[in-house]
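S.K.: There's a structure below that I have some questions on.
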Amino acid sequence: MQEEEQGRRDFMGIALGACAAIGGVGALYAAKRTWDMLPSVKAAGFTTIDLANAHPNKLVVEKWRGKPIFVLKKTPDMEVNDRDIVIGSDRFHVSIGLCTHLGCIPAYEGAEHKFKCACHGGQFDASGEVLKSPPPSPLIIPPFTIKGTKLVLGEAGPEYKKMLDAGLIA
């Protein structure tokens, strides 16, 4: 009788262990699913902007990850800057359109080639560099890569990495 009882105990132990293992795998799978990005978030991760038809000194505002993105094709009389994105023979200013002081959205004054923040008087030049405080740093350049005449935001390409290595991007 004792051997039969021992066999029953072994069987119950194995059955309990198997149930616990299956439950553990199910819990890990559910936990992983909660950590994965939602498809809508993944889709919002990249924004493609075609710059082929951009007009000089005309600010275009796009949206990337819920933030405004400033795209400005520079005119020949605008100062050349290392922060400019060069596509072909054209130079562009691309930045997240939020003031680095308190996150206000600066307005672009085309006649003056400046971005002005109405909240606290901060000013940036056409390359996003600070002209007048209180902003503590230049406008932020989002990760980008260049594919022909298209700019893909959200992907750090070689041009972005070069700017990052040069210390032009925070």
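The values are calculated or read from the model by the stated rules, or taken from the named source; none is laboratory data. Just so you know, these numbers come straight off a predicted model, no measurement behind them. Every residue, glycine among them, receives a Cβ derived from its backbone with ideal geometry; neighbour counts consider all protein chains shown.
S.K.: Just to be sure I understand the filter: pairs with C-beta atoms under 6 Å, separated by 6 or more residues or on different chains, first member in region 142-170 and assigned by TED's automatic domain parsing to the domain that holds residue 94 and among the aromatic types (Phe, Trp, Tyr), second member surrounded by 14 or more Cβ atoms within 10 Å (Cβ to Cβ) and part of a loop (DSSP other than H, G, I, E, B). Which pairs pass?
M.R.: Partner pairs satisfying both residue conditions: 160/143.
S.K.: In region 99-116, what residues are crowded, with 18+ Cβ neighbours inside 10 Å and in a loop (DSSP other than H, G, I, E, B)?
M.R.: Of everything in region 99-116, those that are crowded, with 18+ Cβ neighbours inside 10 Å and in a loop (DSSP other than H, G, I, E, B) turn out to be 99, 100, 101, 106, 113.
S.K.: Taking interchain pairs and intrachain pairs at least six residues apart, which have beta carbon atoms under 9 angstrom, with the first residue in region 90-112 and assigned by TED's automatic domain parsing to the domain that holds residue 141 and over 15 Å from residue 78 (Cα atoms) and the second in a strand (DSSP E or B) and among the basic types (Lys, Arg)?
M.R.: From region 90-112, the pairs are 96/67; 97/67; 98/67; 106/114; 106/116; 107/116.
S.K.: It is to be established whether one or more residues within region 31-44 are within 24 Å of residue 169 (Cα to Cα) and either surrounded by 14 or more Cβ atoms within 10 Å (Cβ to Cβ) or aliphatic (A, V, I, L, M) (or both).
M.R.: So far as region 31-44 goes, yes, one or more of its residues are within 24 Å of residue 169 (Cα to Cα) and either surrounded by 14 or more Cβ atoms within 10 Å (Cβ to Cβ) or aliphatic (A, V, I, L, M) (or both).
S.K.: Then there's this: Could you please give the count of residues in region 117-141 that are under 15 Å from residue 164 (Cβ atoms), surrounded by fewer than 19 Cβ atoms within 10 Å (Cβ to Cβ) and of a type outside the set (Gly, Ala, Ser)?
M.R.: Total meeting the criteria: 1.
S.K.: Let me ask something else about it. Quick one: which residue in 149, 145, 100 is of a type outside the set (A, V, I, L, M) and over 21 Å from residue 168 (Cα atoms)?
M.R.: Working: 145 fails: over 21 Å from residue 168 (Cα atoms); 100 fails: over 21 Å from residue 168 (Cα atoms).
One residue alone meets the criteria, 149.
S.K.: On the given criteria, is residue 85 buried (at least 18 other Cβ atoms within 10 Å of the Cβ), more than 15 Å from the chain's Cα centre (by Cα) and in contact (Cβ under 8 Å) with a residue 60 or more places away in the chain?
M.R.: yes
S.K.: Which of the numbered conditions does residue 131 fail, given that it passes all the others? Conditions: (1) more than 17 Å from residue 86 (Cα to Cα); (2) touching a residue at least 40 places away in the same chain (Cβ under 8 Å); (3) not in a loop (DSSP other than H, G, I, E, B).
M.R.: (2)
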